[in-house]
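What follows is one structure encoded as structure tokens, with my remarks underneath.
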Amino acid sequence: IGFAGTVGPLLVKRFFPPLLFKLYMLGWFLGAVYSVPPIRTKQNPFLAGMTIATVRGFLLNFGIYYAVKDAVGASFSWSPKVSFIARFMTAFATVIAVTKDLPDTDGDREFNISTFATRVGVPKIATGATVCLMLNYVHAILTGVLAKSGVFRRIPMIGGHLALAVMLAVHFRALDAESMSSIKLYYKHIWDLFYLEYGLYTLI
């Protein structure tokens, strides 16, 4: 951590514009307070969720887009596709932040660690997460339907997100909230859908 935490900022400051350096340092700071005592925001379900949503959802997608634009010498401008993926992934990362403790409920209860899953219960968290992701897919489909012609490729934008929504529904129906192996599989499928979205993004 010491080497990466020192060299990373120096490289970004040396080779990239000031705004990107500030975004990088914001992510660096949030990552540090997430894990490093005495703050450790990961111990607070709400703060952990906000941190993951900010870094995984906004900073990662916006930062990479900005860095690539700068690397190829192109001027920065918001595009509908980048705006969409930033919104979509921020919402998705929020769901991941809420569900990340589902596979660890037994250990969290044993060590008296408070999480959304231990407070509310696996069934309610899984149901809420699935509903939120479904709404996210509906948002993606409506974005494709309502966008002006040529902004998105409609077949992958609409059909692709419809297919992912169906996959989510199938995974949720297969969930047995009393089986830890089933809970872990459900959580793994959420991550599968997260990365499949990046694959789909290259087609839209």
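The values are calculated or read from the model by the stated rules, or taken from the named source; none is laboratory data. Note that the structure is predicted; figures quoted are calculated from it, not measured. Here Cβ is always computed from backbone atoms with ideal geometry, including for glycine, and neighbour counts include all displayed protein chains.
Assorted remarks:
- Test: residue in segment 167-174 that is outside any helix (DSSP H, G or I), modelled with pLDDT under 95 and either surrounded by fewer than 19 Cβ atoms within 10 Å (Cβ to Cβ) or assigned by TED's automatic domain parsing to the domain that holds Met89 (or both): no
- Looking across Phe62, Phe88, one residue alone is under 19 Å from Ile190 (Cα atoms), aromatic (Phe, Trp, Tyr) and touching a residue at least 12 places away in the same chain (Cβ under 8 Å). It is Phe88.
- Of all residues in segment 54-75, none are closer than 29 Å to Val122 by Cα and exposed (fewer than 14 other Cβ atoms within 10 Å of the Cβ).
- Among the candidates Phe16, Phe58, residue that is more than 30 Å from Ser181 (Cα to Cα), among the aromatic types (Phe, Trp, Tyr) and in contact with a Ser or Thr (Cβ under 6 Å, 6 or more places away or on another chain): Phe58
- Meets criteria (farther than 17 Å from Thr90 by Cα, outside the structural domain of Asn61 (by TED's automatic domain parsing) and over 22 Å from the mean Cα position of the chain (by Cα)) for Ala147: yes
- Beta carbons closer than 8 Å, at least 6 apart along the sequence or on distinct chains, pair a first residue in segment 167-192 that is closer than 18 Å to Lys100 by Cβ and touching a residue at least 60 places away in the same chain (Cβ under 8 Å) with a second that is assigned to a loop (DSSP other than H, G, I, E, B) and among the charged types (D, E, K, R) for Ile183/Asp176; Tyr187/Lys100.
- Looking at Thr90, Thr94, just one residue is farther than 21 Å from Leu19 by Cβ and buried (at least 19 other Cβ atoms within 10 Å of the Cβ), and that residue is Thr94.
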